[in-house]
């Protein structure tokens, strides 16, 4: 009876874990979507493009914003990711592409205030025409991408959530972005190349 009980508990655990990954959209897919260079205004007033980073091996690109409650959970982690990986040639760039007519909190002046108040150590760019978000097919805030240089082109190698616990950073078990970057630095395949980004929907103006 004890053995049967243990088997039942184990089966239930496997089922719950499987359902968790299915519900959250975690799947291994090869993206290899090429990203065009862009030039967007940073909160310091300067324009930044991918070509400004001459020695970059790749980038962590995060579509985020001011207003979204879920996006508000991550700025400290963005700083940590940039501090860890920028010296290794993979800087983090945050981009706000939300509709400022719908969300006044996401206007450029308020982006400037947020970057200063929260001491961002990374660029926070304003995608006023939403063209960059469309190029990436960004869906939510936050929605993270890891892009990598291959044959002088920038290719998406990871798309989705930053990690598996937005609300409680200390309880994170899977660092999706960090794991993807580490794999690429070690010339290994990205095991989890796509997850479901969870947050506020990016609404595109026609």
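Suppose each label sits 7 Å from its Cα in the direction of the beta carbon; what would the residue 39-residue 205 distance come out to in nanometres?
Modelled inter-label distance: 2.1 nm.
Can you give the extra length, in nm with one decimal, that the chain gains between residue 129 and residue 102 once fully stretched, where that is 0.36 nm per residue apart less the Cα-Cα distance?
Using 0.36 nm per residue and subtracting the Cα-Cα distance, I get 8.3 nm.
Rule-based calculations on the coordinates, nothing more; no lab input. Note that the structure is a prediction, hence the values are computed from the model and not measured. Glycine also receives a Cβ, built like all others from the backbone with ideal geometry; neighbour counts cover every protein chain displayed.
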